[in-house]
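Asker: Below are the structure tokens for one structure; questions will follow.
The values are calculated or read from the model by the stated rules, or taken from the named source; none is laboratory data. Since the structure is predicted, the reported quantities are computational estimates derived from the model, not experimental observations. Keep in mind that these areas ignore ligands, DNA and RNA; they rest on the heavy atoms of the full protein, side chains included. Shrake-Rupley method; radii C 1.70, N 1.55, O 1.52, S 1.80 Å.
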Amino acid sequence: MKLIFATNNDNKVKEFRSLLGDRFEIITLKEAGIDIDIPEPHDTLEANAREKSTTIHRMTGLSCFGEDTGLEIDALHGAPGVLSARYAGETKLAADNIAKVLQEMEGKTNRSAQFRTVISLILNGEEYQFEGVSRGHITTTVHGDKGFGYDPIFVPEGETRAFAEMDLAEKNQYSHRARAFRQFVDFLQSAKV
Ligand code: IMP
């Protein structure tokens with residue numbers, strides 16, 4: 001089965017493909033010949049994920065899915081949350097976002113945080129959502145050079161290393177995206193599509 005993944009983020013495509021069996025094939029926007037940057041105008045991950053999947057569904061009429069992820073830090077009342085990509089400005093640079101988080105977390109003793117991913121799937125015209133959460137904490141300095149985004153400052157529960165110090169298979173054991181994705185695949189398998 002072929003599904004269009006409504007993202008231009010190659011790292012996310014790589015993560016999803018690393019979790020996929022033979023039954024499903026992910027087509028990227030680039031591979032589908034679609035060259036747009038889908039906006040994230042809403043104030044929840046759920047609504048932004050839906051914006052991505054419905055935008056591409058309207059354009060193609062095909063089954064597709066979108067996802068939105070946020071880093072939710074307890075001491076910052078859930079920030080950067082839905083603003084995670086643009087936390088330090090519209091240039092969306094990971095290094096700037098990380099610097100801003102570390103600065104805002106200076107002196108904070110409660111460093112608990114979570115990544116949360118919401119996937120919105122449009123299948124035969126119906127929408128289905130799946131959520132995955134990874135609890136952990138924010139470090140005080142950056143660690144590692146793997147992964148992307150906030151990976152160098154997030155250590156998942158049960159680990160001493162940041163996501164950016166793990167290879168993909170290790171990150172997938174803890175990651176929000178992998179957890180949401182497993183539910184999504186279970187659903188597709190039980191829906192017998
Ligand atoms: P979006 O889901 O593409 O809007 O991503 C929101 C922000 O969170 C971006 O700055 C991403 O780089 C970051 N992000 C998304 N997923 C991850 C992840 O698995 N690890 C670290 N940062 C992530």
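Asker: Can you tell me the orientation of helix 45-60 relative to the chain, as the angle in degrees between its alpha-carbon axis and the longest Cα principal axis, to the nearest 10?
Answerer: Its long axis makes an angle of about 30 degrees.
Asker: Any idea what angle helix 176-190 forms with the longest principal axis of the chain, computed on alpha-carbon atoms, 0 to 90 degrees, nearest 10?
Answerer: 20 degrees
Asker: What percent does the relative contact order of the chain come to when contacts are Cα pairs within less than 8 Å and at least six residues apart? Write out the running numbers ahead of the final one.
Answerer: Values: 363 pairs, mean separation 33.9, N = 193.
The normalised contact order for the chain reaches 18 percent.
Asker: Taking amide H atoms as placed 1.01 Å from N in the peptide plane, list the residues 5 or more away in sequence, or in a different chain, whose amide H sits under 5 Å from that of L123.
Answerer: Sorted by chain and number, the residues that satisfy this are Y128.
Asker: On the accessible surface of the stretch 53-125, probed at 1.4 Å, how many percent belong to carbon and sulfur atoms?
Answerer: Carbon and sulfur atoms account for 51 percent of the accessible area of the stretch 53-125.
Asker: Roughly how tilted is helix 94-104, in degrees to the nearest 10 and between 0 and 90, from the longest Cα axis of the chain?
Answerer: Helix 94-104 sits roughly 40 degrees off the main axis of the chain.
Asker: Now for a different question. Order the following by accessible area, largest value first: F187, F24. Probe radius 1.4 Å; ligands, DNA and RNA are ignored.
Answerer: I get F187, F24, largest accessible area first.
Asker: A 18 angstrom limit on the alpha carbon distance is what I want to check against. Which of K108/K171; K14/K171; K100/K171; K30/K146; K100/K146; K30/K92 exceed it?
Answerer: Check vs 18 Å cut-off fails for K108/K171; K100/K171; K30/K146; K100/K146; K30/K92.
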